[in-house]
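Bear in mind these aren't lab numbers, they're just calculated from the coordinates by the rules spelled out. Just so we're clear, the structure is a prediction, and the values are computed from it rather than from any experiment. Note that each Cβ is placed from the backbone with ideal geometry, even for glycine, and that neighbours are counted across all protein chains shown.
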Amino acid sequence: MPGFSIFRPRVISEFKSRYSGQILVKQDWTHKYVTTGNLTQSGGLVRDVWQPVIKKFGQKNKSWLILGLAAGTVARLIPQPAKIVGVEIDPVMLEIGRQYFDLDKIPNLKILNLDARRYVLDAKETFDFVLVDLYLGDQVPNFVYSKNFLEKLGQLGQLVIINHLFYDDAKRQKAEELTKELKGIFRKIELVRVLTNLVIIARHV
């Protein structure tokens, strides 16, 4: 008998990216998902992290900004109808989304292949919700922790939700530093543990 098992994820395709390194598209028994290193970037666990939060706070007929669109998992969870802007720096990740996850078929989604930091600092538009899911490998980019960037997020969104890894001492410390900085900008902070992640919900009211 061959060694293949229906329970073992199968690599469908492999890509190289200047931003994300090696990207694998995998298929398990029921779903496709995207990994970089040991982390899932779209599908699978990403959906499991965001789904309960969006289910709790999400509403139809609202405007949403997604920083770190990747292949579009989070965008698919947003209640429709909606106005969605998705920002993703990695064109390879967007191509994967189009080829394997029907990214272009998500209703009311405007896709921007841009640096999230630059977009936020230059943005004039405001949103009901801002979702931050920014990673380079297993690291949140340093600019996400800066007061300037976080203050601009506070101007762009009535409610800002940030996904942060929380599975070791270093990541827990960075998440705590981020939370402390957000408390100086937003009136209310709520913390939700989901799997190995901390979801930080910041709002003005």
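Below are the figures for this structure:
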read-out: Near pairs, Cβ below 9 angstrom, 6+ apart or cross-chain, from the range 98-114 (within 11 Å of ALA75 (Cβ to Cβ)) to any residue that is surrounded by 13 or more Cβ atoms within 10 Å (Cβ to Cβ) and of a type in the set (Ser, Thr, Tyr); value: PHE101/SER42; PHE101/THR73
read-out: Residue count for the range 92-141, restricted to those that are crowded, with 22+ Cβ neighbours inside 10 Å, part of a helix (DSSP H, G or I), within 14 Å of the chain's Cα centre (by Cα) and hydrophobic (A, V, I, L, M, F, W, C); value: 2
read-out: Residue list for the range 154-205, restricted to those being touching a helix residue (DSSP H, G or I) at 6+ places or on another chain (Cβ under 8 Å), under 23 Å from VAL85 (Cα atoms) and in a strand (DSSP E or B); value: LEU159, VAL160, ILE161, ILE162, ASN163, HIS164, VAL199, ILE200, ILE201, ALA202
read-out: Per-region count, the range 55-89, residues closer than 15 Å to PHE127 by Cα and under 12 Å from the mean Cα position of the chain (by Cα); value: 6
read-out: Test: ILE89 is in a loop (DSSP other than H, G, I, E, B) and among the β-branched types (Val, Ile, Thr); value: yes
read-out: Filter result for LYS174 (surrounded by 14 or more Cβ atoms within 10 Å (Cβ to Cβ) and either touching a His at 6+ places or on another chain (Cβ under 6 Å) or free of Cβ contacts under 8 Å to residues at least 60 places away in the same chain (or both)); value: yes
read-out: Residue pairs meeting the criteria (Cβ under 6 Å; at least 6 apart or on separate chains; first within 15 Å of LEU112 (Cβ to Cβ), in the range 70-91; second of a type in the set (Asp, Glu) and surrounded by fewer than 20 Cβ atoms within 10 Å (Cβ to Cβ)); value: ILE89/ASP115
read-out: Test: residue in the range 57-70 that is aromatic (Phe, Trp, Tyr) and over 24 Å from VAL192 (Cβ atoms); value: no
